[in-house]
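Presented below is the structure to which this report refers.
Nothing in this text is a laboratory measurement; each read-out follows from the coordinates by a stated rule. Worth saying up front: this structure is predicted, and the values here are computed from it rather than measured. Reconstructed Cβ throughout: ideal geometry from the backbone, glycine too, with neighbour counts over all protein chains shown.
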Amino acid sequence: MEQDVGFRLRLVRLRHQLSQRALAKRTGVAHATISLIESGRTSPSVSALKRILAGIPMTLGEFFSDELPPAESEIFYRAGELTEISGGEGISYRQIGSARAGHALQILFEHYDVGADTGLNMLHHEGEEGGVILSGQLEVTVGEATRVLKSGDAYYFNSRQPHRFRNVGKEPCTLVSSCSPPSF
């Protein structure tokens, strides 16, 4: 397993045209540690590997997926090529591009049925996110602030703040959103 992690890390680092020293500088992880991991002589903890991958940037899920990220990703996507990712009851998140492409930005085409809600437990994660409502209405709560947004309205906030989304309108809501770094 250690050799697989080391081999993958080296391959991913090289695909992103980073030297071990450049990656070490980006992440604050010692160059020697990265070298030991890549050579299979040590196994990183989950937190250390996560910190290293943040310098690429790449999630643990992308790193351990069956396929390594392609050196170059697609540019254009037809509607049928968007990838459905888990959204929950009455919510659809269709991702533009592959999660394995090593993107620093995640873009979603979202759909909320009438009454759909991300849940009572507020979401929070590293990064920033924003979106523009295309149709319908969406109640957006960020921290203590709540606002009902309509077609053409937008939001943008630091994702570390607790947040929640809910369709309070009488028709489905669609929007395009983005977050950086990718959180799904």
Legend entry - Per-residue [θ]222 nm for the chain (sum of -39500 (n - 2.57) over DSSP H runs n ≥ 4, rounded to 500): -6500 deg cm²/dmol
Legend entry - Ranked LEU108, LEU123, criterion: other C-beta atoms within 10 Å, fewest first: LEU123, LEU108
Inset, instruction - Report the residue, chosen from ALA79, ALA104, ALA54, that carries the largest GNM mean-square fluctuation when the chain is represented by alpha-carbon nodes joined by springs under 10 Å. - result: ALA79
Legend entry - Eligible aspartates and glutamates near LYS25 by straight Cα distance, threshold 19 Å, same-chain separation 8 or greater: GLU38
Legend entry - Matching label, Cα extents along the principal axes in Å computed from the structure shown, candidates (1) 72, 46, 22; (2) 52, 40, 28; (3) 59, 37, 24: (3)
Legend entry - Nearest-ten-degree value, helix 2-15 long axis tilted from longest Cα axis of the chain: 70
Legend entry - For CYS179, CYS173, order by how many other beta-carbon atoms lie within 10 Å, fewest first: CYS179, CYS173
Inset, instruction - Take LEU60, LEU36 and order them by how many other Cβ atoms sit within 10 Å, fewest up front. - result: LEU60, LEU36
